[in-house]
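The values are calculated or read from the model by the stated rules, or taken from the named source; none is laboratory data. Treat the numbers as computed from the prediction; the structure is a model and nothing was measured. Glycine also receives a Cβ, built like all others from the backbone with ideal geometry; neighbour counts cover every protein chain displayed.
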Amino acid sequence: MNQSFVVNMLRKKTHHFLTISMVVMVISLSMLNFMAAYISNQYEMINRDFLDNNNVKVIHVSGKGNGESTTNVELEDYTSINGLLEKHGLSEEAKAYPVYTLPTVYHSSMETAYSLVGISEELAFLVSEDCTLKDNSICVRDSQEDKLTLNVPVIEEKDGGFSSSQAVPMEMTAEKGATNENAVLIHSIPDNNQAYVNEKEAEKLTRIMYQESSNSFEYIQESQLNKVIVYVKDIKDVDRVGKLLKEGNYYTSYTFNSFENFSINISTNQFILIILSVFLVLTSIVTAILLMINFLRIQKKEIAILKLIGYKTEAIIKIYTKLLFILFRNIFFMAVLLFLLNYFLKLIPVSFTHLWSIVLLDAVILVFTLAFVYLMGIRKICREDIIHLLKKGKEFE
């Protein structure tokens, strides 16, 4: 017997409930698609602006309160802060680093000046993705050369001031990508050629610059200390570390400084978005399953008629499986078409990556629903005997 012919007949002679079910499922999937796109956009924004943004994980320490007086940050504070973090079980979550500001050096051509900053090699990723701050390297904004020869001034102290009449050439490997605005320096100077070296190179440059100085190297190094920064690995610990530093009378500056429990709230919002997404998906699947199983119950009379005219149970199962497959295919295309119209008309802002995610999401939902309806609906109802199929119909009366 021609199963395709029966499928086509059933499609033409469908119950109004099936049409209503199709409309409900298309609307349900479309709402899920738009909500999923919106939630994905919010999730990506939170990750981009907060969770994956290193700028919000850096706490700047500029000084310390001491009774009624205030002192600038000192090198011993860098050690003290790390000790404080270890004491409170935060040594694995956060770490303090000194930041040094060195005198300006010039390119060998004397046309370009570089404002030098010395930081730990571990913080290279805060400066640029292309900078490693390895030994004998300098990270600059841009350079046409792979090697830079710098004129390092030998500083002379005269009459309470500083001057230089000689320079020592120093060749360094040039790394590109340094920016004036990053997590290390919160105050940038426009059009300034900011350059970065690691602590070892900063010490080497300082010894060259102040080789004529009568002051001790420790004193000079202390005077070059600009601040201490604390890098926190996980955003959820920023508030905790910031509070700990404030309790230690340190003067801090960081993104969440003016917000109460901001980092915790961000993590909570992310969790809520995930839960909401799961809830919407499950709701759509349950709705589709209930609608289709109810449709099959209404189809009991047609199933009984097919059995009476000679169709075997397995053949009827194939007929209704094919019918629902065609139905779900049409629902899939209509839901995706509505999303595409929104994508091109820009009614709700979505990216191209969302489009493919939505296509995959709809396909997974419909395939899962079809599989569940096949196992719990089609196979179960089609295997019922004729008397049971007709007992609620007029034919049985």
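Structure values in brief
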item	result
Total residues in region 85-103, condition surrounded by fewer than 21 Cβ atoms within 10 Å (Cβ to Cβ) and assigned to a helix (DSSP H, G or I)	2
Residue among 259, 271 that is out of contact with any Pro (no Cβ under 8 Å at 6 or more places or on another chain), surrounded by fewer than 13 Cβ atoms within 10 Å (Cβ to Cβ), at pLDDT 75 or above and among the aromatic types (Phe, Trp, Tyr)	271
Search result, residues across region 31-84 that are within 24 Å of residue 129 (Cα to Cα) and of a type in the set (Ser, Thr, Tyr)	43
Count - residues of region 95-145 that are under 22 Å from residue 72 (Cα atoms) and of a type in the set (Gly, Ala, Ser)	4
Odd one out for residue 344, checked against (1) free of Cβ contacts under 8 Å to residues at least 60 places away in the same chain; (2) more than 16 Å from residue 30 (Cα to Cα); (3) of a type in the set (Phe, Trp, Tyr)	(2)
Count of region 52-82 residues which are farther than 16 Å from residue 225 by Cα, of a type outside the set (S, T, N, Q) and either assigned to a loop (DSSP other than H, G, I, E, B) or in the same structural domain as residue 184 (by TED's automatic domain parsing) (or both)	3
Residue list for region 114-146, restricted to those being at pLDDT below 90 and among the basic types (Lys, Arg)	141
Check on residue 184, assigned to a strand (DSSP E or B) and among the hydrophobic types (A, V, I, L, M, F, W, C)	no
Yes/no for residue 132 being out of contact with any Lys or Arg (no Cβ under 8 Å at 6 or more places or on another chain), among the hydroxyl-bearing types (Ser, Thr, Tyr) and closer than 23 Å to residue 57 by Cβ	yes
Residue satisfying all of: in region 274-316; closer than 21 Å to residue 378 by Cα and of a type in the set (Phe, Trp, Tyr); surrounded by the fewest Cβ atoms within 10 Å (Cβ to Cβ) among these	311
Residue within region 67-77 that is within 23 Å of residue 239 (Cβ to Cβ) and out of contact with any strand residue (DSSP E or B) (no Cβ under 7 Å at 6 or more places or on another chain) present	no
Matching entry among 305, 319 (being in contact (Cβ under 8 Å) with a residue 40 or more places away in the chain, farther than 16 Å from residue 372 by Cα and part of a helix (DSSP H, G or I))	319
Residue in region 349-371 that is over 30 Å from residue 44 (Cβ atoms), surrounded by 15 or more Cβ atoms within 10 Å (Cβ to Cβ) and either touching a Phe, Trp or Tyr at 6+ places or on another chain (Cβ under 7 Å) or touching a residue at least 12 places away in the same chain (Cβ under 8 Å) (or both) present	yes
Considering residues of region 147-163 that are polar (S, T, N, Q) and either in contact with a Gly (Cβ under 7 Å, 6 or more places away or on another chain) or over 16 Å from residue 115 (Cβ atoms) (or both) only, the residue modelled with the lowest pLDDT	163
Hits in region 173-202 - residues which are acidic (Asp, Glu) and surrounded by 15 or more Cβ atoms within 10 Å (Cβ to Cβ)	175, 199, 201
